[in-house]
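Notes for the one structure printed next.
We did not get these values from a lab; they are worked out from the coordinates using the rules stated. What you are looking at is a predicted structure, and each value in this text was computed from that prediction instead of being measured. Using ideal geometry, Cβ is built from the backbone for each residue, glycine included, and neighbour counts are taken over all protein chains shown.
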Amino acid sequence: MTKKERFPIVHIVGFLLSIAMTFLALIIALKTDFSKNTIMTFLGILAFGQAGLQLFMFMHMNEGEEGKAKIVHTVYAIFMAIVIVVGSIYVMTAGHPIH
Amino acid sequence: MANKTNPSLPLEYQSEQGKLNILGFWVFIGAEIILFATLFAVYGVLGVRHAGGPTQADIFVIKEVVIQTLLLLTSSFTAGIVMWELRRNNQKGINIWLVITLLLGAGFLIMEINEFQHYYELGATLQTSAAMSSLFTLLGTHGAHVTVGIGWGLLLILQLSKHKLTPKTASKLHIFTLYWHFLDVVWIFIFTYVYLAGVL
């Protein structure tokens, strides 16, 4: 089970991918003429991709006997986070406060 | 039970206590995700209320933010190398990469303090508007986490030099690297939904 690799290849690939995704996000945000919604959709996909990369490649989320429990718990927390953020913005900006 | 060890597993999973502490920390990370979600929600709602004061586009300096992002991304990578060295039982390597991680974290923190000072000079403070209050609260909470992480890492280095690599110190190191990676995850979302969205 103990790994004795001589070179942290997974970490280096993960690092290069996250740098590439950061610069891709920058280029999409600052150098393209898409509509704001299209740009934010692309940036959102890149952000969630990068977060997943950190969780699996660096944080070893699926590792050990409790791997499944960690994934279920963390994915549930992320789901709740999205509900909190999207729900709050929807409720507070969709015109409900006028009434 | 706490001292029962299983040598076929990585060092930090060998003791029952170490294993449970790591699982417990994942539960804590779940709570932290919700904490930052509430701050993002407040910023998402109030981030457009400038009360006649400066807007995000007026104060953000993307070049500086990119350097901050690169510092934190690299520190997350070096924290990953700490874990990799831990798996190789290389205490010297752990120390070296842990120090590099903390230095990168300190560099990030210094840049963030300068950034806040720059905002202050432009007339954007915690009291300026709802947008600035929620912005500073979100960024400040993340920065406070980085500050705590630096102190935590320093204490771990001391503890490691005293107790060497044991299932106990190994599980503490594992947990520290989880915390540090999590800070980078939060920053990715701040970078995307605060900074890039703010200058679009």
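Below are the figures for this structure:
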| read-out | value |
| --- | --- |
| Estimated 222 nm signal from helices in the protein assembly as shown, with DSSP H stretches of n ≥ 4 weighted -39500 (n - 2.57), rounded to 500 | -25500 deg cm²/dmol |
| Stokes-Einstein D in µm²/s, Kirkwood radius over Cα pairs - the stretch B:119-200 at 37 °C with 0.692 mPa s viscosity | 219 |
| Dimensions (Å) - the stretch B:1-88, Cα atoms, principal axes, largest first | 63, 27, 12 |
| Pairwise label distance in nanometres, B:ARG88 with A:VAL75, each label 7 Å out on the Cα-Cβ vector | 3.4 |
| Per-residue Cβ neighbour rank within 10 angstrom, fewest leading, B:VAL186, A:VAL83 | A:VAL83, B:VAL186 |
| Where Cα atoms sit under 26 Å apart: lysine pairs in chain B separated by 8 or more or lying on different chains | 16 |
| Hull shadow area, averaged, the protein assembly as shown [alpha-carbon convex hull, nm²] | 16.7 |
| Positive-pole candidate from B:PHE116, B:VAL146, B:ILE157, dipole of the stretch B:61-199, charges at beta carbon | B:ILE157 |
| Dipole magnitude of the protein assembly as shown about its Cα centre (Cβ charges: Lys, Arg +1; Asp, Glu -1), debye to nearest 20 | 900 |
| B:THR141 versus A:PHE48: modelled label distance in nm, points set 7 Å from Cα along the beta carbon direction | 2.1 |
| Rounded to the nearest 20 debye, dipole of the stretch A:13-99 from Cβ charges on Lys, Arg, Asp, Glu | 220 |
| For the stretch B:1-74 and the stretch B:84-112, distance of Cα centres in Å | 17 |
| Alpha-carbon gyration tensor eigenvalues x 5, square-rooted, for the stretch B:61-199, Å | 33, 14, 12 |
| Assigned charges on the beta-carbon of Lys, Arg, Asp, Glu; the stretch B:61-199 dipole about Cα centre (debye) | 840 |
| Sorted by Cβ density within 10 Å, fewest first, the residues B:HIS118, B:HIS50, B:HIS181, B:HIS163 | B:HIS163, B:HIS118, B:HIS50, B:HIS181 |
| Calculated FRET efficiency for the pair A:LYS31/B:GLU121, C-beta based, R₀ 41 Å, to 0.05 | 0.90 |
| Label point 7 Å beyond Cα of B:ASN114 along Cβ direction - residues of the stretch B:65-88 with amide nitrogen under 13 Å | B:65-69, B:71 |
| Efficiency of FRET between B:VAL99 and A:LEU24 - r from beta-carbon atoms, R0 25 angstrom, step 0.05 | 0.20 |
| Taking all pairs of distinct alpha-carbon atoms in the stretch A:8-99, Kirkwood radius in angstrom | 15.7 |
